[in-house]
Every structure is written in structure tokens, then in C-alpha cells.
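Encoded as C-alpha cells, the structure appears first; notes follow it.
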Amino acid sequence: MKKITFILIALIGLTTFAQKAEVKSAEKAFKKGDLATATEMIKKACQLKDQADNKTKAKIMYVKAQIFAKKGTSGLDNYKKAISTIEKLKAFEEKIGKKKYSDDADKILKNITAGVIKKVESDRNKIAKDEKSKANYANLAQSATLAYELTKDGQYKYIAAIANILSENFKVAEKQLQELYDSGFTGEKEVYTIKEKSTGKRLQVASEKEGKLYVSSGQYEDLKKEKTKSMRSDIVANLLYVYGKLGKDDDAIAFIQKAKKEDPNNVDLIIGEANYYMKKNDNKKFAEAMQRAVNIEPENKLFNYNLGIAYKQLGKYEEAKKYFNKVLEIDPNFTDAYMAITEIILMPEKEITDKMNQDEVLMNDALYNKYNKQRLDLYRQVLPVLEKALSTSPDDRNILIMLKKIYNDLEMKDKFNEVKNKLSSMGK
């Protein structure tokens, strides 16, 4: 038994010796910049790591972390391996009560963090050059997510969430945005700004000290400490957008009701609520929500237009016209508002036409002429609206066809021929 034990101990000693040699070889190759050899040698050392003494185990992990941190510039997976190894190393040294490499591992982690942040900026620059590439957005989502994990700066999680939305990874984006919202993240930061004398533009500087240096040059003035805008409403708007993409309408309305308690005048919440009621065909609540939005932003043409649509659906036509006309005050080139007013004005047309086509009316000239006058009066009323619509959309086929009929029925031959010729030239 003693002989067998001696042989086993000897074998273990040989294994430990081999491991130490492999670690040294890995370390030597790493210092030379031969990462391929360093990776291969540290891989061999890791295969029998459990049989090594504590000192060798710690060194294996430390060298492995160094190697993969260096390789990280070629891909995030290497950074992730380095980070995981550093976490294991620190936990191991904490357990054995001897922190030989932990402080140096923290320095490696700091360098990794800087490298990942640099990768985030690189990925953003690639998107600036090619905004249509989903792959670029997916890469940014990964680098920004890792940057958040390393820094716990919510700014990076928000960048990752937006990148996930743009790469259509909506489930992950939902989770990230929800976590940001639930954590109370606002993204507000105190920054220093200066004003450029020649342009009057305000520029952000890295610090108060840097700002003072710029001001001392004589080209800048008015150094200020300012707080950046809260990102809270952007998080809300994007989360509602993601809910819509995922078809989670009930989750969206539940979130809205919760979020309204924090910020009852948040227009994004109000519009999200309005969209929910619109999908549910609840025109009354849709109108109520849009009315709140208009009350907050009375000069918003889209809010006024949608409120007009809501009242039109409720049969409140004068109220609807009021808001469509408000849209045109804000933007005289808003074609859809002209067409919405046109539709309201012409609503009695079908009923009048149906009466004109009744046998008893067709046989009674006085009665027929009465209804025909009502029809032509509608056309005269709507004509200036349609002509305004055409001025905003000169090639709109539907507008031209409607005008052609009205000009014909009102016996406006020159106008009729003008529109008819235009339609012919368009091949319609």
C-alpha cells in the first residue's frame, strides 16, 4: 500500500510540474505577443487545473485572464472569457484567504472596461455610416450590454435597448427598458457647458477645469453647470413601442396606468393609452385621451388631427371640423385634414343622391330640382376645400377625380378640361 501511495503522489507531482511549465510557457508566449501559443498552453494547463496546488490554480486563472483580455480587441467573447476568469480568480483567492493576483486582475478588468466602451463607440460609428444594417445594430446591442454589465451605467443599457429595437430583438429590448424604468433611471447628469463667442452655440466640456481653460483663450464665455434632460419619457415611449410590436396591448395599458401615477402629463403615456383604445374600437375613450394630449400640446398638428378623427368617428362632426381646421392653422399643407373636412361636408351627398334616384322623384321635376340644388350646393361648399387640398398634393389621383366630377356637375368647363387633361397625361 505504501508503494502504491508513493507512486500516486509522484504522478501528481509530475502533473503539477507539467502544469507549472505550461503556465510559464503561456506567460512567456503572452509577453512575446504570441497569443495563439499562449492560448494553447494555458488550455493544456487548465485541463488538469483541479489537481494543481492553490498557488498554481490562481496563476493559471490570472494568466488565462491576461491572455483573453488581450485577445478581446478581436471579439467580445474573449473579453467575456477574461471577465469570467477574473471573477473566478477573485472568488477563489477570497476563499483561500490569499489575494496574490486579485489587485492586478482588477487592473485588467479596468482595461477591459475601457476596451468595451471603445467598442461601443466603434459600433455606433459604423451605424452612422450604414444605418440600414441590422448586423451593426446587433453588434452595438451586445457591446453596450457588456458595457452596462461592467459599469452599471444605465446609459449603456438604454443604448443596448434601442439597438435591440432597431435590430428587431424586441423581447430583449422590452426586458432592458422595463428594468431601466423600474430602477428609476433618468439618465440625468451634471455637465459643464461654454458658449462660443463667434457662433453663440453652447458646447459641452469634460470638466469645470477644461471649461475655464477654454474661457481663458478668449474665444469662449459663460461657463455653466447644467443638468441634462431626463430620459424617462424616452424610455416610456420606446417601451410602449415595443409592447406594440410584441402585440402586448393589455401589458401596455397596465404599464400606462402604473406610469401615469408618476407622470400624469406624460404625452407618450397618453398617446399610448389612446392607441390602445383605438385598437379596441373604444372611440369615446380614444377621444378623451386625445383631448388630454391636445390640452397639453395644443399646437401639435398630429394630436389635433387625431382628435378630429376621434370626434368624426363619434359623429360629432362640427367638433371634428374644429380640430381639422386647427391642424390647417398650424400646417396649411396638411392634405389629410382637407380631405377629412371634405368627407364631412359630403356626408349628406349619398342620402340626397338616393332620394334623387327614387322613381317618384325622377317623375317630379320640382322635387328632383330641389334635391339636385342641395347636391350642387354641397359641391360649391366643398370645392374650395378640395382645391386647397390639390394645391398641397397636385398629383393626387383621388382629389383630381373628385374635382373632375364636381367641375362637370357645376358646368365649370375650363376647370373640368384642365383636370381631365391632367389625368390623361398621368395615364389615369
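The values are calculated or read from the model by the stated rules, or taken from the named source; none is laboratory data. These figures come from a predicted structure and were not determined experimentally. FYI the Cβ positions are ideal-geometry reconstructions off the backbone, even for glycines, and counts take in every protein chain you see.
Of note:
- Meets criteria (touching a Lys or Arg at 6+ places or on another chain (Cβ under 8 Å) and either over 22 Å from Leu302 (Cα atoms) or at pLDDT 90 or above (or both)) for Leu239: no
- Residue list for region 154-185, restricted to those being more than 21 Å from Leu246 (Cβ to Cβ) and surrounded by 16 or more Cβ atoms within 10 Å (Cβ to Cβ): Gly154, Gln155, Tyr156, Phe185
- Test: Asp106 is of a type in the set (Asp, Glu), under 13 Å from Ile159 (Cα atoms) and assigned to a helix (DSSP H, G or I): no
- Residue match in region 212-222 (condition: assigned to a helix (DSSP H, G or I), in the same structural domain as Ile194 (by TED's automatic domain parsing) and of a type in the set (S, T, N, Q)): yes
- Of the residues screened, Ile401 is not one that is hydrophobic (A, V, I, L, M, F, W, C) and closer than 30 Å to Asp282 by Cα.
- All of Ala144, Ala173 fail the test of being of a type outside the set (Lys, Arg), closer than 27 Å to Ser84 by Cα, touching a Phe, Trp or Tyr at 6+ places or on another chain (Cβ under 7 Å) and assigned to a helix (DSSP H, G or I), apart from Ala144.
- For region 330-337, the criterion of a residue being surrounded by 13 or more Cβ atoms within 10 Å (Cβ to Cβ) and either in contact with a strand residue (DSSP E or B) (Cβ under 9 Å, 6 or more places away or on another chain) or in contact (Cβ under 8 Å) with a residue 60 or more places away in the chain (or both) is satisfied by at least one position.
- Per-region count, region 275-289, residues under 23 Å from the mean Cα position of the chain (by Cα) and not hydroxyl-bearing (Ser, Thr, Tyr): 3
- If the condition is being surrounded by 10 or more Cβ atoms within 10 Å (Cβ to Cβ) and of a type in the set (Val, Ile, Thr), then region 194-223 contributes Ile194, Val205, Val215.
- If you check Ile270, Ile253 for being touching a helix residue (DSSP H, G or I) at 6+ places or on another chain (Cβ under 8 Å), assigned to a helix (DSSP H, G or I), without any contact (Cβ under 8 Å) to a residue 24 or more places away in the chain and of a type in the set (A, V, I, L, M), only one passes: Ile253.
- Scope region 135-153; condition more than 16 Å from the chain's Cα centre (by Cα) and surrounded by 21 or more Cβ atoms within 10 Å (Cβ to Cβ); matching residues: Ser143, Leu146, Ala147, Tyr148
- Yes/no for Ala366 being surrounded by fewer than 18 Cβ atoms within 10 Å (Cβ to Cβ) and in a helix (DSSP H, G or I): yes
- On the stretch given as region 345-362, residues that are under 50 Å from the mean Cα position of the chain (by Cα) and not in a helix (DSSP H, G or I) total 3.
- Hey, Leu386 within 40 Å of the chain's Cα centre (by Cα) and modelled with pLDDT of 95 or more or not: yes
- Unique residue being more than 23 Å from Ala147 (Cβ to Cβ) and exposed (fewer than 14 other Cβ atoms within 10 Å of the Cβ) when the list is Lys132, Lys118, Lys57, Lys107: Lys132
- Test: residue in region 369-389 that is under 30 Å from Asn295 (Cβ atoms), assigned to a loop (DSSP other than H, G, I, E, B) and free of Cβ contacts under 8 Å to residues at least 60 places away in the same chain: no
- Note on region 139-174: residues that are on the phi > 0 side of the Ramachandran plot and of a type in the set (Lys, Arg) total 1.
- Residue list for region 392-407, filter: crowded, with 16+ Cβ neighbours inside 10 Å and part of a helix (DSSP H, G or I): Thr392, Ile399, Leu400, Met402, Leu403, Lys404, Ile406, Tyr407
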